[in-house]
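Peer 1: One structure follows; several queries about it will come next.
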Amino acid sequence: MARTSKAKTRLPPSRAGRPGRKRARPSKPRVLRAYRRAQQDRGAETRARLIEAGLDVFGHQGFEGATTRQIARAANVNLAAILYHFGSKEALYRAVAEHIVAAVAAKIGPALAAVQVELATIDAAGARRLVTRLLETFVDTVLGTAEAERWARFIVREQLDPTAAFDVIYGFMGTAHAMLTRLVATALGGDPESPEMKLRAFTILGQGLVFRIAPTLVTRRLGRDALGPAERETIKRILISQAAAILSTGGAHGSR
């Protein structure tokens, strides 16, 4: 009889047993870049935590009363991290001031930029309109921003007992006040460099600041736990009304 040949079926070799190629490892430069990025991210996070902790501790204790050990503990970092990231307690304090200015500028900056665009060609009516817009933004920022109480605590300390960091705060606040003074002077036909125009601008701002720097008095007198959206809208309405009165009288004395 003829022999029947059975065809052998070849199975593919398993991946494990296959003498295939080794998996390529990441190149050393790529690994180093990834490591450096991770280090930078961790460093930026530590720096941010120190600034946030500094904002609280400096705000409550002042520059002299605060210690680097307190700040490091609040940030949950090693004490040496302050020296590594900032070099000194003074530099950290200044970094906190810069952080506040950047945060406030992010809120108020667009409104100030709009004023800057129109300042050269604006008339009295337009100036009053822009003062209203600035007041609305101001109230929303100082009363409607969760971080505003922490900013205010630090800033008020700098107003009462200024350090070299006050120049950082003044750089922004002075510019904002100068713009408001020019609007006041335009509305009244006065000289923006005159003391009266500057004082009128301070008066417009000062009426709103009481709600930020004396919140305990305000809320207790109102029988509230906090100022909510309804109270903010009422404050805006009153401030705008008061500003209108300030901008409608005394123009003849504006250049004194």
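Peer 1: Looking only at helices (runs of 4 or more DSSP H) that lie completely in the range 104-189, which have at least 3 residues being basic (Lys, Arg)? First the steps, then the outcome.
Peer 2: Details: elements: 124-144, 148-160, 166-188.
Once the helices (runs of 4 or more DSSP H) in the range 104-189 are filtered for at least 3 residues that are basic (Lys, Arg), what remains is 124-144, 148-160.
Listed here are the residues, each with its yes/no results for (1) surrounded by fewer than 20 Cβ atoms within 10 Å (Cβ to Cβ); (2) in contact with a Ser or Thr (Cβ under 6 Å, 6 or more places away or on another chain); (3) free of Cβ contacts under 8 Å to residues at least 24 places away in the same chain.
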site	(1), (2), (3)
ARG69	yes, no, yes
ILE82	no, yes, no
HIS85	yes, no, no
TYR93	no, no, no
ALA102	yes, no, yes
ALA106	yes, no, yes
LEU112	yes, no, no
VAL131	no, no, no
VAL142	no, no, no
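Peer 1: Just a yes or no: is a residue in the range 51-68 part of a loop (DSSP other than H, G, I, E, B) and not assigned by TED's automatic domain parsing to the domain that holds ALA243?
Peer 2: yes
Peer 1: Can you tell me which of (1) in contact with an Asp or Glu (Cβ under 6 Å, 6 or more places away or on another chain); (2) crowded, with 18+ Cβ neighbours inside 10 Å is the one PHE166 doesn't meet?
Peer 2: (2)
Peer 1: From the list ARG220, ARG237, ARG200, ARG224, which one is among the charged types (D, E, K, R) and either modelled with pLDDT under 95 or closer than 24 Å to VAL96 by Cβ (or both)?
Peer 2: When all the criteria are applied, what remains is ARG224.
Peer 1: Quick one: is ARG157 among the charged types (D, E, K, R), over 30 Å from GLY62 (Cβ atoms) and not assigned by TED's automatic domain parsing to the domain that holds LEU55?
Peer 2: It is false that ARG157 is among the charged types (D, E, K, R), over 30 Å from GLY62 (Cβ atoms) and not assigned by TED's automatic domain parsing to the domain that holds LEU55.
Peer 1: Scan ALA214, ALA187, ALA201 and give me the residue that is under 24 Å from GLN116 (Cα atoms), of a type in the set (A, V, I, L, M) and without any contact (Cβ under 8 Å) to a residue 40 or more places away in the chain.
Peer 2: ALA201
The values are calculated or read from the model by the stated rules, or taken from the named source; none is laboratory data. Treat the numbers as computed from the prediction; the structure is a model and nothing was measured. Quick reminder, even Gly has a Cβ in these numbers, built from the backbone with ideal geometry, and neighbours come from all protein chains shown.
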